[in-house]
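Below is one structure; the comments refer to it alone.
The numbers here are math on the coordinates, done by the rules we state, and not lab data. All figures in this text were calculated on a predicted structure; none of them were measured in a lab. Cβ atoms come from the backbone with ideal geometry, glycine included; neighbour counts cover every protein chain shown.
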């Protein structure tokens with residue numbers, strides 16, 4: 001059966017063209033490419049066999065959700081509120097992703113407990129096996145949903161940056177007849193893989209590129225072009241920053257989210273007192289970075305630059321005066 005659609009405006013024509021020609025980013029594509037045959041997002045919820053949403057449509061809808069607030073409020077007395085409202089839209093994705101992350105962690109604990117209890121009673125009963133499979137499906141489904149919403153959040157953050165020029169900142173198995181059941185094997189393998197994935201998220205492996213800069217910085221392109229160039233030469237790089245929530249570090253964090261680069265944010269350990277910032281610089285150097293990017297800021301950036309030079313780390317140093325030089 002052929003369906004037709006009535007086009008009423010040039011905007012709808014543009015929308016159709018975008019749907020037919022737009023290629024979603026790799027992170028969106030990966031997040032919505034599921035290998036699960038079915039899913040369940042709650043213990044008492046019905047099992048779903050429907051497909052994941054189309055990655056292209058999700059990316060375009062996420063972008064439109066943020067951009068629409070700027071378009072609707074532009075040239076009105078509420079225009080200055082558009083950035084605040086859009087920030088909240090991005091934050092809502094972040095909040096849901098965080099909630100799903102917690103639910104998935106609790107579901108993983110349930111899988112772990114079922115595996116442990118099955119070994120303890122020497123069982124491996126049909127009831128235990130069924131309960132274990134359901135718990136594992138719930139955990140996998142929540143992990144899948146969390147990755148999808150996180151990818152939407154990251155794309156919404158990229159759109160926010162484009163509109164405002166500012167980055168968005170916020171165990172063992174049971175035995176049955178001397179053999180472990182297939183479901184328990186799958187469950188223990190799943191838990192091991194999940195632990196490994198979470199460990200990689202918390203301590204990613206790869207060549208370290210360290211980054212630090214001042215909070216007063218306007219030239220996003222200078223930073224992002226430099227990071228793009230480094231990533232082209234070092235595609236498996238991990239970016240380690242000094243974790244400030246505005247200025248250079250925030251620009252670098254937004255770039256990492258957009259490019260899918262793994263990020264380690266080194267926050268300050270206030271227990272170290274007055275040396276806290278210098279100690280963080282020493283921690284960054286201790287990572288044995290393969291490259292460094294340091295933008296002018298405070299004495300902490302000057303200290304890091306001296307450490308970088310003293311340790312012979314290949315580096316890019318930028319002064320505040322270097323901003324917008326290409327555009328001048």
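Spatial offset of segment 68-88 relative to segment 143-162 amounts to 20 Å, using the alpha carbon center of each. What is the log10 of I(q)/I(0) for segment 208-322, computed with the Debye formula using one identical point scatterer on each Cα and no solvent, at q = 0.13, 0.21, 0.22 Å⁻¹? Debye intensities relative to I(0), on a log10 scale: -0.42, -1.19, -1.32. The listed peptides 309-320, 235-246, ordered by packing as a protection proxy, come out as 235-246, 309-320 (highest mean of other Cβ atoms within 10 Å first).
Size of segment 31-142 from its Cα atoms: along the principal axes, largest to smallest, the extents are 71, 24, 20 Å.
Modelled spin labels at residue 37 and residue 278, positioned 7 Å past Cα toward Cβ, are 6.2 nm from each other. Each residue, residue 105 and residue 134, gets one label point 7 Å from its Cα in the Cβ direction; the gap between the two is 2.5 nm. Each peptide in 278-284, 140-146 receives the mean, over its residues, of other Cβ atoms within 10 Å, and ordering these scores from highest gives 140-146, 278-284.
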